[in-house]
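Read the figures in this text as sums done on the coordinates, not as results from a lab. For clarity, every value in this text was computed on a predicted model and none was experimentally measured. Here the Cβ positions follow ideal geometry from the backbone for every residue, glycine too, while neighbour counts run over all protein chains shown.
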Ligand SMILES: *[C@@H]1O[C@H](CO)[C@@H](O)[C@H](O)[C@H]1NC(C)=O
């Protein structure tokens with residue numbers, strides 16, 4: 001069995017401005033707006049571009065007032081950052097922190113909806129993640145971290161991480177690792193600590209951090225993925241960058257987040273995730289891949305389409321899907337993939353039935369109670385969830401345990417909704 005990769009999760013610290021935000025937010029997909037470039041569109045143009053997409057959150061590495069102003073009254077939520085170089089001052093002198101907020105937040109808020117401030121970027125690198133259930137922070141950092149985490153917990157501030165399955169693949173460039181990293185069908189990886197089968201590297205990396213937080217007593221701290229992405233091109237000697245891989249990673253990540261299945265250790269909700277990045281940054285040093293993460297070109301065309309344009313889908317009104325499909329009225333049902341275990345299907349029942357659908361047919365006495373198996377009950381609940389929430393492909397993901405079929409699974413008096421509409 002393959003092992004989980006090491007050292008591909010970076011951590012940074014964050015503070016929330018609006019502490020209730022994370023509990024209430026329905027939108028969990030954001031994008032990073034890096035500016036190490038000399039060819040970027042103007043902040044106004046960028047604001048217009050963002051408004052043409054379903055991206056509702058943007059993360060800046062600094063606090064460029066021109067960008068913050070251009071995003072005023074757009075409804076887009078903004079994460080701003082204090083630089084690593086500011087940390088010693090901010091940490092040692094409360095007045096300097098107040099001053100920082102007074103000059104970078106107060107003049108713009110609330111017209112510019114600044115919701116989070118990150119402090120530094122990639123300030124720590126976590127080590128061993130194998131398996132996710134045994135994730136631990138570097139023992140040398142734990143005392144300092146405890147103090148910080150207590151502060152973050154008291155202020156309902158999330159813990160930001162930068163998981164990069166791309167780097168995990170680079171350090172273990174085998175085809176099955178690539179499939180696992182790109183959310184493609186794979187045999188998955190069993191966590192030897194608890195028997196959970198992971199079906200993608202992203203979940204494994206996020207859960208490793210959850211385990212590390214849990215191990216030092218902070219399992220309730222919200223995790224935010226401040227950065228993750230995949231480059232679409234690179235140097236000849238780099239393994240992994242390609243348009244196809246980048247599109248698969250970002251597109252499948254977005255579908256996975258929209259499915260709301262969560263990770264095995266944090267089921268039923270999606271981790272807030274900021275994709276890296278909005279544009280290429282042509283002045284970044286390092287291998288060519290560092291300059292090839294952009295979802296958009298500087299002429300505002302997409303590098304590859306991952307369905308973020310407003311017209312390509314409407315996640316906020318899932319009952320009226322507008323995704324063009326060859327035959328939108330065709331009968332279709334959502335059922336478990338062949339060979340998926342009960343352990344993987346039980347959370348799907350819990351999740352689907354926890355979302356307001358009527359699960360009484362699979363309860364004792366219901367028309368679909370027999371056969372009384374997890375697989376049969378999961379099929380009913382997953383399908384009903386899929387039908388109820390809009391019949392979009394991402395409503396039939398369930399951490400890649402589900403598949404859409406044109407064969408009606410109904411039997412006897414047990415009717416699966418999903419015939420032609
Ligand atoms: C700012 O973002 C918060 C959190 O998502 C939201 O509740 C609030 O309505 C937003 N404010 C504006 C003016 O858009």
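Is the shape of the range 60-126 rounded, prolate or oblate, going by the alpha carbon gyration tensor and its root eigenvalues a ≥ b ≥ c, with a/c under 1.5 for rounded and a/b larger than b/c for prolate?
On the way: a/c = 2.64, a/b = 1.51, b/c = 1.75.
Oblate shape, in that a/c is at least 1.5 and b/c is the bigger or equal ratio.
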*Rounded to the nearest 10 degrees, what's the angle between the helix 342-353 long axis and the longest principal axis of the chain, both from Cα atoms, 0 to 90?*
80 degrees
*Which Rg and Dmax, in Å, describe the Cα atoms of the range 142-185?*
16.5, 44
*Specify the angular offset, from 0 to 90 degrees and rounded to the nearest 10, of the alpha carbon long axis of helix 94-104 from the longest principal axis of the alpha carbons in the chain.*
70 degrees
*asked:* Students often check this: by mean Cβ neighbours within 10 Å, which of 200-210, 235-245 ranks highest, and how do the rest follow?
replied: 200-210, 235-245
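Which whole-number percentage describes the relative contact order of the range 176-235, with Cα contacts under 8 Å and a sequence gap of 6 or more? Mind dumping the intermediate values first?
Numbers: 39 pairs, mean separation 11.8, N = 60.
After rounding, I find 20 percent.
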*Semi-axes of the equivalent ellipsoid of the range 333-405: what are they in whole Å, largest first, if each equals the square root of 5 times a C-alpha gyration tensor eigenvalue?*
17, 14, 10
*Of all DSSP beta bridges in the chain, what percent run antiparallel (nearest 5)?*
50 percent
_Against the 2.2 N^0.38 Å scaling, with N counting residues, where does the chain land? I'd like the Cα-based Rg ratio to two decimal places._
1.01
*Enter the angle in degrees (range 0 to 90, nearest 10) between the Cα long axis of helix 201-215 and the first principal axis of the Cα atoms of the chain, meaning the one along which they spread out most.*
70 degrees
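At R0 = 22 Å, how high is the FRET efficiency between residue 102 and residue 151 if r is their beta carbon distance? Nearest 0.05 is fine. Please list the in-between numbers first.
Values: r = 21 Å, r/R0 = 0.93.
It comes out at approximately 0.60.
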*Dimensions of the range 76-234 along principal axes (Cα, Å, largest first)?*
52, 37, 25
*When only Cα pairs under 8 Å and 6 or more residues apart are kept, what is the percent relative contact order across the range 333-405?*
48 percent
_Counting only helical runs of four or more DSSP H residues, what would the 222 nm mean residue ellipticity of the chain come to if each run contributes -39,500 (n - 2.57) and the total is spread over all its residues?_
-8500 deg cm²/dmol
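Counting only C-alpha contacts under 8 Å and six or more residues apart, can you give the relative contact order of the chain as a whole percent? Write down the numbers at each step before the final one.
Numbers: 808 pairs, mean separation 72.9, N = 421.
After rounding, I find 17 percent.
Based only on other Cβ atoms within 10 Å, what is the fewest-to-most ordering of 269, 156?
Numbers: 269 14, 156 17.
Placing the least packed residue first, the sequence is 269, 156.
Order of 212-224, 373-385 by packing, highest average Cβ count within 10 Å first?
On the way: 212-224: 17.8, 373-385: 22.4.
The peptides rank, most packed first, as 373-385, 212-224.
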*Using R₀ = 56 Å, calculate the FRET efficiency as 1/(1 + (r/R₀)^6) where r is the Cβ-Cβ separation of residue 144 and residue 299; round to 0.05.*
0.80
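Kindly state, to the nearest 0.05, the FRET efficiency for residue 372 paired with residue 190, given R0 = 30 Å and r defined as their beta-carbon distance. Working shown, then result.
On the way: r = 27 Å, r/R0 = 0.90.
Plugging the Cβ-Cβ distance into 1/(1 + (r/R0)^6) gives 0.65.
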_Suppose each label sits 7 Å from its Cα in the direction of the beta carbon; what would the residue 237-residue 51 distance come out to in nanometres?_
4.7 nm
